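Input: a single structure, listed below in structure tokens.
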There are 2 protein chains.
Amino acid sequence: MDHKDAIAATMTALADPTRRDIIDRLRSGPLPVGAIAKTMPVSRPAVSQHLRVLSDAGLLSVTPSGNRRLYAIAPDGVDALRRYLDALWDDALAAFQRAAQEQAKGKPDD
Amino acid sequence: MDHKDAIAATMTALADPTRRDIIDRLRSGPLPVGAIAKTMPVSRPAVSQHLRVLSDAGLLSVTPSGNRRLYAIAPDGVDALRRYLDALWDDALAAFQRAAQEQAKGKPDD
DNA sequence: ACAAATGGTAAGCGATAACTTACGGTAAGT
DNA sequence: ACTTACCGTAAGTTATCGCTTACCATTTGT
């Protein structure tokens, strides 16, 4: 998977409110599918599908434990998106300051 | 707008590839609608609609300049999402280390 | 005053995505 | 061995979203 595509997949994964709910459930630690679905308004297969999307995006890791499958937040996946936003923030700030400078130079007597 | 909703809107706004393309066009500085649309494979109204979504999410600022409207990346909007991911990353790391500790304690003779 | 340029909005269409029910497959308990 | 629990996948439906064309408002230029 390309780096640009990875960002796209991660962003799309986090865009859905139900998936962000799932992420919130996993903030305190790994959980099996059933435990997640029990506290959510959607069916278990729906949760399973969401977990697939989140895993494909690299946001979750899966560790089969006997009968169950424990899902956990993958710090690396979150970090990738974090770095993208850091770069975007740097560019935005630089462009902002440049625009402010040009306006001060272009219109000195406002 | 609630803080949670703001994150949701920002995430949804950045989930679309065309909107991320627009953001990329604005990395070097503010641009009017027409200039953006000219370098993109979609029509100007489509760009206009995307700019609306991005603005509503707080990711862009608009400054009317005579006939045109200059769109620029809003550093504050990006920063809000950045902080959300930072918090998520912190929680993920803490949960990760806690899980590693519990496994080391629970299964000492693996 | 008229014409051209810039851009936001409405209506309609096609594709995608999230959900449900139904099913199959593997691991654990009795 | 059989039954129960846990979970992923398939098929089908519905709602949402992104796009286009058409239209209107405002501003600039002649």
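So, R0 is 45 Å and r is the distance between the beta-carbons of residue A:35 and residue A:83; what FRET efficiency does that work out to, to 0.05?
Approximately 0.90, to the nearest 0.05.
Provide a whole-number value for the mean count of partner chain Cβ atoms within 10 Å of the Cβ atoms in peptide B:87-99.
Per residue, the average neighbour count from other chains is 6.
In peptide B:22-29, how many Cβ atoms from other protein chains are near each Cβ within 10 Å, on average?
That average works out to 3.
Provide, in order from the shortest bin, the percent of all Cα-Cα pairs of the protein assembly as shown in each 5 Å bin, continuing until the bin that contains the maximum pair distance.
For the protein assembly as shown, the binned pair fractions read 1, 6, 13, 16, 16, 13, 10, 8, 6, 4, 3, 2, 1, 0, 0, 0 percent.
Which one, A:101, A:74, B:11, projects farthest toward the positive side of the charge dipole computed for the protein assembly as shown from Cβ point charges (K/R +1, D/E -1)?
B:11
Counting pairs of alpha carbon atoms under 8 Å apart in space and at least six apart in sequence, what relative contact order in percent does chain A give?
That works out to 26 percent.
I need the phi-derived Karplus couplings for the range A:52-61: 6.51 cos²θ - 1.76 cosθ + 1.60, θ = phi - 60°, integer Hz, Gly and Pro marked x.
Once rounded to whole Hz, the list reads 4, 4, 5, 5, 4, 7, x, 8, 10, 10.
Divide by every residue of the protein assembly as shown the summed helix terms, -39500 (n - 2.57) for each DSSP H run of at least 4, and state the resulting mean residue ellipticity at 222 nm, rounded to the nearest 500 deg cm²/dmol.
-21500 deg cm²/dmol
At 0.692 mPa s and 37 °C, plugging the Kirkwood radius over alpha-carbon pairs of chain B into Stokes-Einstein gives what diffusion coefficient in µm²/s?
Calculated translational D: 203 µm²/s.
Throughout, read-outs are computed from the coordinates displayed, never taken from laboratory work. Keep in mind the model is a prediction, meaning the values are calculated, not measured. Positions of Cβ are backbone-derived with ideal geometry, glycine not excepted, and every protein chain shown enters the neighbour counts.
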